[in-house]
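The structure appears below as structure tokens.
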Amino acid sequence: MAEFLLLIIFMYSFHEIKAQALLQPNLTVDRPVITETDSVTLNCQTPSSVSASQCDFYIENEEKSDSFSCVQTLTGAEVLKIVHKRSPFEVKVRCLYTVRSGGVGSSSPVSDTSTITINNLLPAKLTVNPLVITETDSVTLNCVTPSSVPVSECFYRFMREKTAKRFSCLKTLTGAELLSLTHQSSPAKVDVSCFYLMSHESPQSNIFTITVQLPRPELTVNPRLITETDSVTLNCVTPSSVSESECYLYYMGTKTARTMSCVQTLTGTELLMTAHLSSPAEVELTCYYTVEHRGGRYQSPHSNISSVEVQQSTTTPRVPAVSLTTDYTVGESKSTGSSFSTFLTSVNPASGDTLSHFKVSEHLNINPINNR
């Protein structure tokens, strides 16, 4: 009876291993084109639900199993030696893995085929300028081929995609075009490399990462000239395609940022206090915004620089109050004439003024004309 139970357990374990072995591995090749001195890494990726005891690689049906590791690194010369070939040559590679339990092993199905091209062509050299752009900015890609290779068109591979894009060896793209090619939206990072064709595909060039930032906002101020008690309206205008989460006002002088609503009104005094200035002064400002994207928070580039000139508050000078009183005294002359007296008198000026008191007195004697 005990032997029968052991047989059942054994059969159960065997069928469990067999079920796991039906899962196919995935073979990845980090560099599909190499020279004889370059290295290529083969990775036989097993399903996460199994623990492989070993992996076997088949290069042109030649088994390479001197190492049980599921990750193998070989030079182009070593690959050619296994298949007894010389460059240029295209090598087909496959793999499988083995799971063991209770001394019984079960092999997986063979992976899909990957191709490695080995040739004696020199790789191209890629230059990228600039490495950080916005959607409206442009980036120049220059795939420099060896001087002995007379080609005008090159192939660019973005984000390690299998399909390469055929462009001029000197190519300019906007950030929006890069995002479209890689099916992304800003902010994003785009890996790019290049190669050329000369009877065979050349090895891949060096890889650059281009960062496509969020669109740049625009800062407007109105008015540009205020006093300490006046107010200025600051508007951090974000692109219509962006749903901003927060806006920030950046003071150039102190290199500090303050959270703001994207449209903010401040007094001259408030501006001066944050900028650590006193009037009269010119306050230089930029703004930026942040967005939530793919689980992270990303910051836009800074806007243009705008300035607000804050002058001292002025008061109207006091004008001295002056009142004039005119007195007229008219009387008869003692004899044949008339006496006419006029007095022009000012009152004392307002308190604090320094105008002197003055009095004008004028006497006019008018004699009537005798008609004879």
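The values are calculated or read from the model by the stated rules, or taken from the named source; none is laboratory data. Note that this is a predicted model, so its numbers are computed, not measured. Every residue, glycine as well, gets a Cβ built from its backbone with ideal geometry; the counts of neighbours run over all protein chains shown.
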Per-region count, the range 86-114, residues of a type outside the set (A, V, I, L, M), closer than 12 Å to residue 58 by Cα and in a strand (DSSP E or B): 5
Yes/no for residue 203 being crowded, with 19+ Cβ neighbours inside 10 Å and part of a loop (DSSP other than H, G, I, E, B): yes
Boolean, residue 162 is of a type outside the set (Asp, Glu) and either assigned to a strand (DSSP E or B) or touching a Leu at 6+ places or on another chain (Cβ under 6 Å) (or both): no
Hits in the range 118-132 - residues which are in a strand (DSSP E or B) and more than 38 Å from the chain's Cα centre (by Cα): 118
Residue identified as within 30 Å of residue 281 (Cα to Cα) and under 19 Å from the mean Cα position of the chain (by Cα) among 178, 249, 214: 249
Considering residues of the range 132-184 that are basic (Lys, Arg) and surrounded by fewer than 19 Cβ atoms within 10 Å (Cβ to Cβ) only, the residue nearest to residue 216 (Cα to Cα): 171
So residue 270, is it within 19 Å of residue 224 (Cα to Cα), surrounded by fewer than 19 Cβ atoms within 10 Å (Cβ to Cβ) and free of Cβ contacts under 8 Å to residues at least 12 places away in the same chain: yes
Residue 269 vs. criteria outside any strand (DSSP E or B) and of a type in the set (S, T, N, Q): yes
Test result for residue 61, of a type outside the set (Phe, Trp, Tyr) and at pLDDT 90 or above: no
Looking only at the range 40-53, and only at residues there that are surrounded by 14 or more Cβ atoms within 10 Å (Cβ to Cβ) and assigned to a strand (DSSP E or B), the one that is farthest from the chain's Cα centre (by Cα): 44
Any chance residue 212 is surrounded by 13 or more Cβ atoms within 10 Å (Cβ to Cβ), over 30 Å from residue 267 (Cα atoms) and in contact with a helix residue (DSSP H, G or I) (Cβ under 9 Å, 6 or more places away or on another chain): yes
Residue match in the range 213-223 (condition: modelled with pLDDT of 90 or more, in a loop (DSSP other than H, G, I, E, B) and touching an Asp or Glu at 6+ places or on another chain (Cβ under 7 Å)): yes
Residue that is surrounded by the most Cβ atoms within 10 Å (Cβ to Cβ), among those in the range 54-101 that are among the small types (Gly, Ala, Ser) and free of Cβ contacts under 8 Å to residues at least 60 places away in the same chain: 76
Any hit, the range 134-154, residues being out of contact with any helix residue (DSSP H, G or I) (no Cβ under 6 Å at 6 or more places or on another chain), hydrophobic (A, V, I, L, M, F, W, C) and touching a residue at least 60 places away in the same chain (Cβ under 8 Å): yes
Every residue from the range 219-258 that is under 27 Å from residue 178 (Cβ atoms) and exposed (fewer than 14 other Cβ atoms within 10 Å of the Cβ): 240, 241, 243, 245
In the range 41-53, the residues that are closer than 19 Å to residue 201 by Cβ and touching a residue at least 40 places away in the same chain (Cβ under 8 Å): 42
